[in-house]
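Got a structure for you, questions after.
The values are calculated or read from the model by the stated rules, or taken from the named source; none is laboratory data. Please read all numbers here as calculations on a predicted model, not as lab measurements. Here the Cβ is made from the backbone with ideal geometry for all residues, glycine too, and neighbour counts use every protein chain on show.
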């Protein structure tokens, strides 16, 4: 029997009983490296291997003969027979056939280096994004909200970086809003101080005006003044009277509101509001058009706070038309009829329309105009509180305010007031007040 084996290998065909049926043909000169059956049988370990062969098992085992030779034995049963094949190979030769030791060392070194490089790469891939987040949190904690993490990852670490950037953007916007709000609050505090000072100055001015007006009236009633001088004195009397009315109204407007509601004619409130701002409107070539329906019912409210609403709207209209150098401010009042009842209708409220021909309000900011501190005016000219306060006062009166505008052509504010009786602002009534209102 001749198999394709190297010179150092030897194959046997065994019967399950242990009898050697055939073995490889050994060429002359090659017997020195092959085991002799006589001393193979003398090895106790070889007896165990033969037992496994007789049992039809398959395996690879190492054993040393009684002569001290080291072999690797491979055995396997032949299918559908009672035979087994056994191959003996010198142990170290079997390893060298698998891979030479010098090549094995080089492969080991190369593999080790690749493992280190791969470990470093994986570690860097996972730790760098985490380090970036830690660095970012430290930078943001120092007050710099502009820092962003740059990443091309699309896994969980990429989502972490994106979430960090969103948080940083939110903090940056919030910080900017906070700075703006702080500046506007400071401006509001200044305006409040100026308002208190103006009320005090108005009180002080009232006294000398009374003296001037009194002397003018006394000279008019006397007979010692020429007629041409009396004409001038009457003008002095008229203008000082107007100044005193403005001062009295300013003092009343600056006075703290009691919070109690009473019956109020909105036409009178609008007229009183124009008292404080009419001259400013005329100086800017702004025409005032009033259509005040005398048939509107009185509403329940606070005269002082309602006047604040109308002054805010007049001031905004004035500022919107100031850039154009001219304009028209229209104010209209009319009753609100409930047409769900009889055909004559029932008056349920009062509608007030404020319209101007100013620059208008853009669609992109229309939903923000009633937000506190939102303003498009330059710093120092507006606080962003006027419309927000007006909205709050309207809610206290059970009313509503909406705006319609075309950018560049003007704005119309629509205010609706209910006529139902209320003694205190909405949401502030006590149970006793509610019971008294319902009873009345």
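Based on this model, can you work out whether residue 158 counts as surrounded by 11 or more Cβ atoms within 10 Å (Cβ to Cβ), under 30 Å from residue 176 (Cβ atoms), assigned by TED's automatic domain parsing to the domain that holds residue 179 and at pLDDT below 75? Working first, answer last.
Values: surrounded by 11 or more Cβ atoms within 10 Å (Cβ to Cβ): yes; under 30 Å from residue 176 (Cβ atoms): yes; assigned by TED's automatic domain parsing to the domain that holds residue 179: yes; at pLDDT below 75: yes.
Here the answer is yes, as residue 158 does meet what is asked.
May I pose another question? Run residue 313 past the list (1) surrounded by 14 or more Cβ atoms within 10 Å (Cβ to Cβ); (2) at pLDDT 90 or above; (3) not in a helix (DSSP H, G or I) and report the number of the one that doesn't hold.
(3)
Give 68, 29 a once-over and let me know the one that is at positive phi and modelled with pLDDT of 70 or more.
None of the others qualify; the one that does is 68.
Step by step: first the residues of the stretch 413-440, then only those that are at pLDDT 75 or above and buried (at least 16 other Cβ atoms within 10 Å of the Cβ), then the one that is nearest to the chain's Cα centre (by Cα). Which residue is that?
Once the filter is applied, the top-ranked residue is 413.
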